[in-house]
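Asker: The structure that follows is given in the form of structure tokens.
The values are calculated or read from the model by the stated rules, or taken from the named source; none is laboratory data. Fair warning: this is a prediction, and the values are worked out from it, not measured in the lab. Accessible surface is based on the protein model in full, side chains and every heavy atom, while ligands, DNA and RNA are left aside. Shrake-Rupley method; radii C 1.70, N 1.55, O 1.52, S 1.80 Å.
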Amino acid sequence: MSRINGRTTDVDQPPKTGEEKRAGDEKGVFDRLKAALTEAFAAPDMACQPLTATEVIARNRR
């Protein structure tokens, strides 16, 4: 690692391995899922509407 202006840089770091890249990809997927769930559960109960199984299946086919 190199230090420039007191900050560490990864200039001297070896390239990431496939496992490290997958771990980074998984973290991104997890962060997006977490954000989507946080948004979904932040909605007030009054915003929810009952659906039948047929409506859910039709909605998910789109």
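Asker: Can you name the condition, by its number, that residue 32 falls short on among (1) modelled with pLDDT under 90; (2) within 22 Å of the chain's Cα centre (by Cα)?
Answerer: (1)
Asker: Let me ask something additional. Return a yes/no flag: does the stretch 35-53 have any residue that is open to solvent by 90 Å² or more (accessible area, probe 1.4 Å), part of a helix (DSSP H, G or I), hydrophobic (A, V, I, L, M, F, W, C) and at pLDDT 90 or above.
Answerer: Scanning the stretch 35-53 turns up no residue that is open to solvent by 90 Å² or more (accessible area, probe 1.4 Å), part of a helix (DSSP H, G or I), hydrophobic (A, V, I, L, M, F, W, C) and at pLDDT 90 or above.
Asker: Of the residues that make up the stretch 2-21, is at least one on the phi > 0 side of the Ramachandran plot and either open to solvent by less than 100 Å² (accessible area, probe 1.4 Å) or at pLDDT 90 or above (or both)?
Answerer: The answer is yes; a qualifying residue exists.
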